[in-house]
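Heads up: the structure comes next, in structure tokens.
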Amino acid sequence: MKKHDPPKFADWIFKWYCRNGLRESILGDLHEQFYQDLEQKGSLRAKFIYWITVLKFFNRFTINRGNSNKNNHLILKGYFQTPFRFLIKNKSYTLINVVGLSIGLFGCLLIFYFLHHELTFDRQHEGNNIYRINTIYADNSGNQTKMVNTPPMLVPGIRGVYPEVEKATQLRYTLRTSLRNENRVFYEDYGFYADSSFLEIFEFPLVSGNRKNALDEPNSIVITSSLAKKYFGDQDPMGKNIIMNNDMSLRVTGVLKPIPSNSHLKFDFLVSFSTYVVPDGYASDLTSWSWLGFITYVQLSSESDHLAFQKKLDDLFTSLSSPNSTPYKTIVQPLRDIYLGSTELVDDLASHIRMGSKYSIYSLAIIALLILFIACFNLMNLTTAIGITRAKEIGIKKILGVEKHKLITQLILESVLITFLSALLAYLIGISIFPQVKELLAWDLELNGQLVLLSIPVVLIFILLLGVFSGLYPSLLLANLKAPTAIKQGRISNSGSQRFSNGLIGFQFIIAVALIASTITIHNQVQHLRSMSLGFQSEDVVAIKLLRQDMGRYFEKYKQRLLQNSQIQSVSRSERIVGDPWPVNSILVDGYDPSEYKQVTGNLVDYDFLETIGIALKNGRAFSKNFAADSLNSIIINESCATLLGLEDPVGTQVNFFSFNGPRTIIGVMEDFNFSSLHNEIGPAVVILPFIDLEYLYVKVTPGSISERLDLIEDHWNEITNDAPLEMQLMDDHLSRLYKSEEKLSFLITGFSILAVSLACLGLYGLIAFVVNKKLKEVGIRKVLGASVASLLLLFSKRFIKLITVSTIIAAPLIHQILSIWLDNYAYRIEFRWGTLAIAAILLTVITLITISYQTLKTVLQNPVNVLRDE
Amino acid sequence: MKKVLGEFEELILLLVAVQHDQAYGLSIKTAIEEMGRSVNLSNVHTTLYRLEEKGMVLSSMGDSSATRGGRRKRHFIITQSGKIALKESKESRLMLWDSIPNLVMDGI
């Protein structure tokens, strides 16, 4: 018969929970009973009874409550006291780790806040099932422009027609607007014309007013509470009047709480849509199905499919379009995708809509991780290094009977303690300098208590993991030591730990080389963009943004006044400023088949524009008052446009430009200039004389004291207009704003690279002390035998130089790939140069050598007698 | 304070007295099962510990045997206060027995 034993696992469980004093006798009874049962009831039942009994034994008499009831808190105290003593004793170790980790964590905390902000855009409206309708506008040759904007008839055309549309609303930008209340007048740039459905779809919280009808009546305005404070102070603004653009009186019918910074719509006030009047001179009106000038949002019923709805809209546009033109197509875009998923969409006037880029989110998240890795590796490396010198301590502890798991716990607790202290410090730094950092990075986000609270559990779990993770390898290494050898040698010579530490340092070097190379490349690209010739002269040009009404009223008089001064060379104006995107329109050479329509961007400019901005003419002439026909049927195109239209000698050719008053004659060809940003190649562009009031005024001044000339411009303006507000900006400043995102990225990457490299250096600095310490005697003997200082320095540096070389080689293809992808975003890009990588590697080597030089020199220069005499 | 014995406690305490000097967990459990009552070993032990806590039994480590894997038994003996408790319990029962009217128990 097979011999049966009591179930081992049940025994194990019992031993685990049962206290020492009772364990022996109970287990004896259990076994005795088992063998009795085995004879009487068979093995199966015996085992079953055994299991049941073991489980039922679990009660207050048997369970293990520590070694003894009285000593519990002492043991707990010991757990913390030993690591604390150790940390206090090794101050430099603690300092390096805490400083390094807290800086790393601080960086991560910042990025965490930023990412949280970016990823929670428009969350407050979640559940409302909101979609934005975007338009794809294509010409017959297949060029597509995807636009945020829709025609004004779309909303009336779908409201109540499609059952899935519960609500629909459209917005129209207010351009620069002056708002006046008694004595207070300001320019406001961020506002929309909107109807009441807007407030019902987007439930922005109202302080006062009724969202159902606040925007129904013409001449109503809803303002945010910050705007209310600006105009009305502490008074209740409800029912009060605000004068818009000096000629329209609006009644305040609602006050909104400030619009959160994580909303893709940016506005300070809403004017009722029924107030909106299409300005004089516009080619379209509100019954248009083709004028892409509005933004449409719909709220769909919860069970409807937005792609099916998109199909219906496409069918609608197809049924409405004329046979010659390509019908619009639509993109029904869910609200949650709008902020991060709109980079390929063009917006007619981008400033009112916030767009984020997934790209910067990914890169920041990766950088945060890399920095954390570096900080974490420092901790691991230093813990291992210092642990190796602690072999004696560990050996004695082992001999005194400290159990292995307690040793491991103690060592891990040390690193957890360090991470905990660092996190505390990181929070302190973070909260105290957040405002400055925010300013520095121009971040549009608030640090609120809720967010801080939210981050605490994440950080707690995180540092716990980090601490355990960093302490695990060294503690296992140490806890597995054989006590006698550990005590005898006083340290471990473990090639495994050397490899481990090489791996960690190597990884840090890869990160450092990658970041340095990226910094250099991004910097070069930004310089490249700035140094490129734009094809026009932006120096000494002052750009002024005006109210259209003021422009219409004062322009001619103001221009005459200014030109009387010798410091003013020329004055002109345009609809869109150079540098902002220009609207897209269609062009067709007169007499060609309508299927030959091409897309060009167009701007309305006044006389003297080309002269003021310094755009050279290749052929023909500029607009002139001597030719009366110019204002109605002349057009100037650029070289790219001539190429697009396939015209060898364009001057004199008749073209149809959009729907503006019949065919126009090309009177001149401009040399290509960069009217938009250098992200894009120079495209085809045309300019015509204005038929509506314009927004931007340009003044070209003579070289010399710029502030004197600005004063002159302002004085004349004040004389003419009785102190209407005036905002001037140098064209150069305006253009450099275009590269703000690159500069911000460059700045961020530089900052984080410096952070990463200094963290890595900090770790090296800490590590080298141990490395050197281990080789004191070796150095002494070598010196006695006649080794030179240089050869000894090389001895220590060799390892790091090798590591940097290997890391650079590993990192090279990766860096090349990533940077090439980034550079591909630019029409005018530099090539990635391998030299950059070499520079990065050399720079890193130099920094590394400087870092380790203090410790190595100290060792190498000392008298060998000091280290060799005591043996 | 007068210590009250539960029914199961009283049974265990009686058996400790019966198996004088030889009582341990499993022996008591076997004795109970021989009386036709099934019980789990853990209940017996727990009750013994509770009695020890009340000061009615004393335990000491004793001999071992092969089936126990060389583990020693924990022997229990009854203490003075255990004896008093048993006696009191018996007397109160007897008093009740005596007060039963004769005719009730007739015919058994």
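The values are calculated or read from the model by the stated rules, or taken from the named source; none is laboratory data. Only a predicted model underlies this, so the values are computations on that prediction, with no experimental measurement involved. All Cβ positions, glycine included, derive from the backbone under ideal geometry; neighbour counts span all protein chains shown.
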Condition set aromatic (Phe, Trp, Tyr) and more than 12 Å from chain B (Cβ to nearest Cβ), scope segment A:1-47, selection surrounded by the fewest Cβ atoms within 10 Å (Cβ to Cβ): answer is A:TRP16
Of the listed residues (A:THR326, A:THR330), the one being of a type in the set (Val, Ile, Thr), assigned by TED's automatic domain parsing to the domain that holds A:THR174, buried (at least 17 other Cβ atoms within 10 Å of the Cβ) and under 33 Å from the mean Cα position of the chain (by Cα) is A:THR330
Exception for B:ILE100 within (1) under 28 Å from B:SER27 (Cβ atoms); (2) not in a helix (DSSP H, G or I) falls at (1)
Exactly one of A:VAL701, A:VAL687 is surrounded by 20 or more Cβ atoms within 10 Å (Cβ to Cβ), in contact with a Lys or Arg (Cβ under 7 Å, 6 or more places away or on another chain), among the hydrophobic types (A, V, I, L, M, F, W, C) and in contact (Cβ under 8 Å) with a residue 60 or more places away in the chain, and that one is A:VAL701
Residue count, segment A:815-837, condition of a type in the set (Phe, Trp, Tyr) and part of a loop (DSSP other than H, G, I, E, B), comes to 3
A:PHE675: passes all of (1) at pLDDT below 90; (2) crowded, with 21+ Cβ neighbours inside 10 Å; (3) touching a helix residue (DSSP H, G or I) at 6+ places or on another chain (Cβ under 6 Å) but (3)
Condition check: over 26 Å from A:ILE52 (Cβ atoms) and within 14 Å of chain A (Cβ to nearest Cβ). Does B:SER60 satisfy that?
yes
Check: Just to be sure, is A:ALA769 surrounded by 16 or more Cβ atoms within 10 Å (Cβ to Cβ), more than 35 Å from the chain's Cα centre (by Cα), at pLDDT below 85 and not in a helix (DSSP H, G or I)?
Finding: no
Checking B:LEU86, B:LEU96, B:LEU51 in turn, the sole residue that is without any contact (Cβ under 8 Å) to a residue 40 or more places away in the chain and of a type outside the set (Gly, Ala, Ser) turns out to be B:LEU96
Only one of A:ASN241, A:ASN246, A:ASN262, A:ASN219 is at negative phi, in the same structural domain as A:SER197 (by TED's automatic domain parsing), surrounded by fewer than 22 Cβ atoms within 10 Å (Cβ to Cβ) and touching a strand residue (DSSP E or B) at 6+ places or on another chain (Cβ under 8 Å), namely A:ASN241
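Suppose we filter A:ALA543, A:ALA512 for residues that are over 24 Å from A:THR721 (Cα atoms), crowded, with 21+ Cβ neighbours inside 10 Å and of a type outside the set (Asp, Glu); which single one remains?
A:ALA512
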From the option list A:LEU270, A:LEU313, A:LEU300, A:LEU292, single residue qualifying as touching an Asp or Glu at 6+ places or on another chain (Cβ under 6 Å), surrounded by 15 or more Cβ atoms within 10 Å (Cβ to Cβ) and on the phi < 0 side of the Ramachandran plot is A:LEU300
The number of residues in segment B:28-44 that are of a type outside the set (Val, Ile, Thr), under 11 Å from the mean Cα position of the chain (by Cα) and at the interface with chain A (Cβ under 10 Å from one of its Cβ atoms) is 1
If I filter segment B:69-81 for residues that are more than 14 Å from chain A (Cβ to nearest Cβ), among the basic types (Lys, Arg) and on the phi < 0 side of the Ramachandran plot, do I get at least one hit? no
If you go through A:GLU126, A:GLU188, A:GLU164, the only one that is surrounded by fewer than 23 Cβ atoms within 10 Å (Cβ to Cβ), of a type in the set (D, E, K, R) and either outside the structural domain of A:LYS240 (by TED's automatic domain parsing) or out of contact with any Ser or Thr (no Cβ under 9 Å at 6 or more places or on another chain) (or both) is A:GLU126
Being β-branched (Val, Ile, Thr) and modelled with pLDDT under 80 narrows A:ILE749, A:ILE804 down to just A:ILE749
Expected single match for assigned by TED's automatic domain parsing to the domain that holds A:GLN599 and either within 39 Å of the chain's Cα centre (by Cα) or within 24 Å of A:ALA622 (Cβ to Cβ) (or both) among A:LEU694, A:LEU764, A:LEU745, A:LEU712 is A:LEU694
If we take segment A:152-239, then helices (runs of 4 or more DSSP H) inside it with 2 or more residues that are aromatic (Phe, Trp, Tyr) and touching a Phe, Trp or Tyr at 6+ places or on another chain (Cβ under 8 Å) are none
When B:ARG68 is run through (1) touching a residue at least 40 places away in the same chain (Cβ under 8 Å); (2) surrounded by 14 or more Cβ atoms within 10 Å (Cβ to Cβ), the failure sits at (1)
Does A:SER533 satisfy the condition of being outside the structural domain of A:ASN245 (by TED's automatic domain parsing) and out of contact with any helix residue (DSSP H, G or I) (no Cβ under 9 Å at 6 or more places or on another chain)? yes
Scanning segment A:826-871 for residues that are farther than 30 Å from A:ASN674 by Cβ and charged (D, E, K, R), the one surrounded by the most Cβ atoms within 10 Å (Cβ to Cβ) turns out to be A:LYS858
Screening A:THR318, A:THR287, A:THR343 for residues that are part of a loop (DSSP other than H, G, I, E, B), without any contact (Cβ under 8 Å) to a residue 60 or more places away in the chain and of a type in the set (Ser, Thr, Tyr) leaves only A:THR343
If we keep only residues of segment A:48-61 that are within 8 Å of chain B (Cβ to nearest Cβ) and of a type outside the set (Val, Ile, Thr), then the residue nearest to the chain's Cα centre (by Cα) is A:ASN59
Here the qualifying pairs (Cβ atoms under 6 Å; residues six or more apart or on different chains; first in segment A:475-500 and in a loop (DSSP other than H, G, I, E, B); second surrounded by 19 or more Cβ atoms within 10 Å (Cβ to Cβ) and at pLDDT below 70) come out as A:ARG491/A:ILE388; A:ILE492/A:ILE388
